[in-house]
Amino acid sequence: MFNKIFALASVSALAGLVSAAAAAGCSSNEQGKAAAGATPGTGADGGDKEGERPPRGNSSGSSGGRSDEACMETRSIDMNRFPYARAKKVANACTNKEADDLATFFRNKAQNGQDISIAEWAKSVSDGCASCVFSDGTGSEWSPILTKGDKLDDVNRGGCVEIQSGKEACGRAYQHVAECRLEACSNTCDTADGFTECLQDVQGIFSGPCKGAYDALEQNCGKDTLAGYEAACKGNAFTFEGPVRAQCINGGATK
């Protein structure tokens, strides 16, 4: 098996949902509807079983059903079983330098193929910044980075989209799409190459197992405004950079 943590956080592995759909030439009204593309990322391989990222929700009834040609899930994935909580917002909890320090720490670990300890990562910034950035996802509000034990479990990209759109339902729908896309490949792909190839098949994912999730995304966010929300949440190298900026520096203000 392979380590999905770096794919979860890497912009190169998890391209923007909207931009990937546009790049694939998919219309929101066509069978080839797509939302989350990928280009091969250096972090999608290597690592051990301990580093794998299991789905945050109950995975019953959503695995199996792989096709002969690829390892993508072929059954429809129920988006409603993915949890979500409104975005935590703390203005000036982190400085811009601390945001850079978080990215630098992750980059150094990723380049060396090392496991990432949340306790160690949190020490790269102040206590106030760390308390805004990291949480275990069990509270009434979600931080930018969600943890499980001492490991990275998820990146709350939906929280930033919620802030930019001003609608919790939009952020939830965005997070559901991101979760669904990963699950469409992570439960059924056994190799790094297969996982990456699956993530790249945006048309297959969003006209297949995640069609319902993407339909809800367009309904709740608006297909004409979603790209702007996503652009405002973009990171330089990692998917957590935009959420950290929106939630723990700007504190929910749209800048």
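The values are calculated or read from the model by the stated rules, or taken from the named source; none is laboratory data. Owing to the predicted nature of the structure, the values given are computational and were not obtained by experimental measurement. With ideal geometry, Cβ positions are generated from the backbone for all residues, glycine too; neighbour counts draw on all protein chains shown. The area values use the complete protein model at the heavy-atom level, side chains included, leaving out ligands, DNA and RNA. Shrake-Rupley method; radii C 1.70, N 1.55, O 1.52, S 1.80 Å.
What order do 181, 75 take when sorted by accessible area (1.4 Å probe), most exposed first?
Correct descending sequence by accessible area is 75, 181.
Determine, for each peptide in 229-242, 149-162, the mean count of other beta carbons within 10 angstrom over its residues, then list the peptides with the highest first.
Final packing ranking: 149-162, 229-242.
Probe radius 1.4 Å, ligands and nucleic acids left out: which of 218, 197 has the largest accessible area, and how do the rest follow?
So the residues, ranked largest to smallest area, are 197, 218.
Counting only protein heavy atoms, what percent of the accessible surface of region 173-255 is carbon or sulfur at a 1.4 Å probe?
Heavy-atom surface of region 173-255 belonging to carbon and sulfur, 1.4 Å probe: 43 percent.
Using all Cα-Cα distances in region 116-255, what percent lands in each 5 angstrom bin from 0 up to the longest?
Pairs per bin, as whole percents: 2, 10, 17, 20, 20, 16, 10, 4, 0.
Strictly over 32 Å apart at the Cα level, which of 97/148; 123/211; 89/223; 167/211; 151/234 would you flag in this model?
123/211
What is the ratio of the Cα radius of gyration of region 82-180 to 2.2 N^0.38 Å, with N the residue count, to two decimals?
This ratio for region 82-180 stands at 1.08.
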